[in-house]
Amino acid sequence: MADRWDIFCRVIDNYGDIGVCWRLARQLHYELGIRVRLWVDRLEVLTHLCPQVQMNQGCQQVDGIEICQWESCSEETLTARVVIEAFACEIPSCYQRSLLSLHESEPNPPVVWINLEYLSAEDWVSECHGLATPGSSTSLRKYFFFPGFTTETGGLLKEAGLREQVRRYQQEFTSQVSQATPELWARLVGKSGDNPLPESHEMPGELRVSLFCYLNPLIPQLLDYWSSRSAPTSLFVTQGLATNQVAEWCGHPLKAGDRLQIGALELLILPFLPPPAYDELLWSCDFNFVRGEDSFVRAQWANRPLIWQIYPQEDSAHHKKLEAFLSLYLRGICNLEAVSEFWRLWNHIPPDRSWAHASGIEDAWEKLLHFRQEWNRHSQEWADRLDRKGNLANNLQMFVRKIREETSRS
Amino acid sequence: MSVKLAGDLQSGNVVIVEGNPLVVLKAQYNKSGRNAAVVKLRMKNLLTGRVSETVVKADEKMEQIILDKKECTYSYSAPPVHVFVDGDYNQYEIDAETMADVEKYLMPEMTDVVEVTFYESKPISVVFPKVIIREVEYTEPVTRGDTSGKITKAAVLKHSKYELQVSAFVEIGDKIEIDTETGEFRRRC
């Protein structure tokens with residue numbers, strides 16, 4: 001009988017938490033043959049990623065995954081033998097009791113309870129990865145599993161065949177440069193009457209940039225700059241907070257499907273993109289502005305330069321996390337100051353004293369462009385490097401096997 | 001027995017885990033971004049001597065045992081133990097491993113009064129005063145202009161390999177205050 005796993009996810013805000021869980025659930029199911037039940041507290045957020053989800057159902061089968069509303073979990077719920085609580089969300093107490101009872105009454109195969117944490121490149125993550133947190137009075141332990149960028153961590157989510165898919169897409173896409181932007185836009189917004197296919201254009205030196213970010217006071221400055229440059233920039237703005245800021249900058253409301261030319265800047269306003277379409281956007285652009293965790297990881301698999309806006313924390317706890325990633329990401333690349341400088345500016349982190357920093361975001365952008373080719377090469381190499389470290393779903397499955405073997409032996 | 005948050009645990013604390021008394025050898029607090037704050041604990045089972053590592057959320061409640069304590073002073077080291085003496089000249093040997101977190105503060109003729117903890121009459125850990133004073137054996141010279149105190153540099157303590165970050169104006173031979181709970185520099189004396 002196929003193994004059955006339960007994944008619990010509480011949506012804190014945005015789409016990152018459920019985005020990671022949904023991807024993981026699908027990969028476990030489709031690639032590893034595991035029956036997965038996904039528990040989520042805010043089903044409406046999942047409907048954006050997976051439109052087939054019905055809001056009025058306690059439990060439903062979608063795309064091979066059983067999706068259940070958190071509130072449906074009760075004393076009668078049969079527990080799985082592998083349970084993942086995503087991002088320290090604390091599974092319901094009734095479920096915990098059932099899990100403990102199963103662990104004590106039917107110890108084989110052993111129950112494995114995992115806390116899947118957020119992604120970080122910090123050193124301490126590898127030191128804590130895979131360690132158990134003790135139960136108060138029982139032998140049922142919870143294991144901390146940390147995604148990460150090194151072999152000492154759990155790795156990153158990556159579907160089988162993704163690299164090849166990206167490679168093929170990019171080969172095809174770059175062979176039709178003059179048509180690329182309008183065709184991509186048409187594909188992403190749909191070819192309905194409201195969003196007619198824009199006429200073809202050829203703009204030598206055009207840069208394609210995707211923008212997905214939290215509120216950022218630097219957006220208007222960047223838009224001013226791009227619109228005043230001599231070289232054209234096509235900016236694909238994804239639906240969300242950034243759209244509002246761009247609309248403010250334009251001075252009038254914007255909606256998905258709008259396409260405006262302001263100086264050298266072409267603004268292309270996108271609807272909410274389901275994951276496959278968002279991937280396509282990332283693969284197509286020369287630079288990707290991403291945020292949070294899920295889009296950040298997807299951009300790393302896109303072989304293209306990325307600019308990360310980390311989820312901001314009041315106590316600036318995110319600064320160390322960003323620096324840790326930068327130091328790992330930029331190892332072995334020249335001109336790394338230009339990237340770290342831009343990233344720090346974008347994240348409002350005070351510049352390091354050790355290098356002379358740019359006077360503004362415009363200056364920092366120019367510096368990035370100077371070594372675009374090298375960064376492009378590095379983006380590919382970085383993805384190759386990550387690829388060699390396995391992937392999160394496989395690593396999770398291997399970890400569960402290891403824990404079961406150890407538990408059975410003891 | 002009392003309850004303590006995992007994030008407040010320090011080397012020397014004894015907690016009950018799955019029914020066993022475990023002394024904390026090292027507590028490493030970690031928090032970044034959206035991750036829950038966690039503490040990596042290296043602990044020794046007082047009954048079996050087995051050392052294990054675990055990770056717990058910093059807000060997790062742990063059952064702490066309050067054990068007998070005595071004020072002592074450091075006498076000498078005879079690896080793998082360090083010897084402490086109480087006011088009645090009773091000597092107590094403590095495993096160096098148990099003191100992994102605070103061993104770096106030991107020095108000959110040390111006058112700091114430490115607190116030795118006992119479990120079933122056996123000395124098991126040492127807690128230093130919150131603030132101690134130590135001499136800097138080596139640090140790079142002050143860089144011209146870096147006198148604000150906000151810039152830090154590495155310094156090594158005398159009688160110890162312990163390296164910590166100090167303010168840029170600290171020089172070799174200076175006496176500095178150290179917070180023993182965090183291992184961090186507080187100020188120059």
Of the residues that make up segment A:348-370, is at least one open to solvent by less than 40 Å² (accessible area, probe 1.4 Å) and hydroxyl-bearing (Ser, Thr, Tyr)?
-> no
Test: residue in segment A:166-184 that is surrounded by fewer than 16 Cβ atoms within 10 Å (Cβ to Cβ) and within 14 Å of chain B (Cβ to nearest Cβ) = no
Checklist (1) open to solvent by 10 Å² or more (accessible area, probe 1.4 Å); (2) without any contact (Cβ under 8 Å) to a residue 40 or more places away in the chain; (3) outside any helix (DSSP H, G or I) applied to A:Thr243, failing item | (3)
Which one of the conditions (1) among the charged types (D, E, K, R); (2) open to solvent by less than 40 Å² (accessible area, probe 1.4 Å); (3) in a helix (DSSP H, G or I) does A:Glu337 fail to meet, given that it meets all the rest?
-> (2)
Any idea which of (1) farther than 30 Å from A:Lys320 by Cα; (2) part of a helix (DSSP H, G or I) is the one A:Ser126 doesn't satisfy?
-> (1)
Those residues of segment A:65-91 which are open to solvent by less than 30 Å² (accessible area, probe 1.4 Å), touching a residue at least 24 places away in the same chain (Cβ under 8 Å), farther than 17 Å from A:Ile18 by Cβ and outside any strand (DSSP E or B), in sequence order = A:Thr79, A:Ala80
Qualifying residues in segment B:8-58 (those that are at the interface with chain A (Cβ under 10 Å from one of its Cβ atoms) and in contact (Cβ under 8 Å) with a residue 40 or more places away in the chain) - the one most open to solvent (accessible area, probe 1.4 Å) | B:Ile16
A:Tyr143 passes all but one of (1) more than 7 Å from every other protein chain (Cβ to nearest Cβ); (2) buried (at least 21 other Cβ atoms within 10 Å of the Cβ); (3) assigned to a strand (DSSP E or B); which number fails?
-> (2)
In segment B:82-94, is there at least one residue being closer than 30 Å to A:Phe144 by Cβ and either in contact with a Leu (Cβ under 8 Å, 6 or more places away or on another chain) or in contact (Cβ under 8 Å) with a residue 60 or more places away in the chain (or both)?
-> no
Qualifying positions in segment B:30-50 - touching a helix residue (DSSP H, G or I) at 6+ places or on another chain (Cβ under 9 Å) and at pLDDT 90 or above | B:Val38, B:Val39, B:Lys40, B:Leu41
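Here's the yes/no breakdown for (1) within 14 Å of another protein chain (Cβ to nearest Cβ); (2) under 15 Å from the mean Cα position of the chain (by Cα):
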position	(1), (2)
A:Ile262	no, no
A:Asp279	no, yes
A:Val290	no, yes
A:Ser295	no, yes
A:Arg298	no, yes
A:Leu306	no, yes
A:Ser316	yes, no
Tell me, please, whether a residue that is closer than 27 Å to B:Val38 by Cβ, within 12 Å of chain B (Cβ to nearest Cβ) and not in a helix (DSSP H, G or I) can be found in segment A:341-348.
-> yes
Output the residue which, of all residues in segment B:173-189 that are in contact with a helix residue (DSSP H, G or I) (Cβ under 9 Å, 6 or more places away or on another chain) and either assigned to a loop (DSSP other than H, G, I, E, B) or farther than 16 Å from B:Asp101 by Cα (or both), is modelled with the highest pLDDT.
-> B:Thr180
Note down all Cβ pairs under 6 Å where the first residue falls in segment A:283-296 and is within 8 Å of A:Ile307 (Cα to Cα), the second is of a type in the set (Lys, Arg) and in a loop (DSSP other than H, G, I, E, B), and they're at least six residues apart or on different chains.
-> A:Asn288/A:Arg304
Options A:Ser192, A:Ser200, A:Ser120, A:Ser136; residue that is modelled with pLDDT of 80 or more, farther than 24 Å from A:Glu405 by Cβ and assigned to a loop (DSSP other than H, G, I, E, B) = A:Ser120
Of the residues in segment A:292-332 that are assigned to a helix (DSSP H, G or I) and among the charged types (D, E, K, R), the one that is most open to solvent (accessible area, probe 1.4 Å) is A:Lys320
In segment A:247-265, is there at least one residue being in a helix (DSSP H, G or I), of a type in the set (A, V, I, L, M) and free of Cβ contacts under 8 Å to residues at least 60 places away in the same chain?
-> yes
Taking A:Ala88 as meeting all but one of (1) at pLDDT below 90; (2) aliphatic (A, V, I, L, M); (3) touching a Leu at 6+ places or on another chain (Cβ under 8 Å), write down the number of the exception.
-> (3)
Among the candidates A:Gln69, A:Gln54, single out the residue that is in contact with a Gly (Cβ under 6 Å, 6 or more places away or on another chain) and at negative phi.
-> A:Gln69
Residue selected from segment A:108-132 under the condition touching a helix residue (DSSP H, G or I) at 6+ places or on another chain (Cβ under 9 Å), farther than 19 Å from A:Tyr311 by Cα and free of Cβ contacts under 8 Å to residues at least 60 places away in the same chain, by the criterion nearest to the other protein chains (Cβ to nearest Cβ) | A:Ala132
List every residue pair whose Cβ atoms sit under 8 Å apart, with the two residues 6 or more apart in sequence or on different chains, where the first one lies in segment A:18-38 and is assigned to a loop (DSSP other than H, G, I, E, B) and the second, anywhere, is surrounded by fewer than 24 Cβ atoms within 10 Å (Cβ to Cβ).
-> A:Gly33/A:Ala2; A:Gly33/A:Asp3; A:Ile34/A:Ala2; A:Ile34/A:Asp3; A:Ile34/A:Arg4; A:Ile34/A:Gln397
Taking segment A:266-291, which residues are of a type in the set (Phe, Trp, Tyr) and open to solvent by less than 10 Å² (accessible area, probe 1.4 Å)?
-> A:Phe287, A:Phe289
Quick one: what pairs do we get from segment B:121-132, first residue without any contact (Cβ under 8 Å) to a residue 40 or more places away in the chain and crowded, with 23+ Cβ neighbours inside 10 Å, second among the basic types (Lys, Arg) and part of a strand (DSSP E or B), C-beta under 6 Å, 6+ apart or different chains?
-> none
Check whether at least one residue in segment A:4-26 is open to solvent by 40 Å² or more (accessible area, probe 1.4 Å) and farther than 30 Å from B:Val55 by Cα, and report yes or no.
-> no
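The values are calculated or read from the model by the stated rules, or taken from the named source; none is laboratory data. This is a predicted model, so every value here is computed, not measured. Positions of Cβ are backbone-derived with ideal geometry, glycine not excepted, and every protein chain shown enters the neighbour counts. Just the protein is used for accessible areas: all its heavy atoms, side chains included, with ligands, DNA and RNA removed. Shrake-Rupley method; radii C 1.70, N 1.55, O 1.52, S 1.80 Å.
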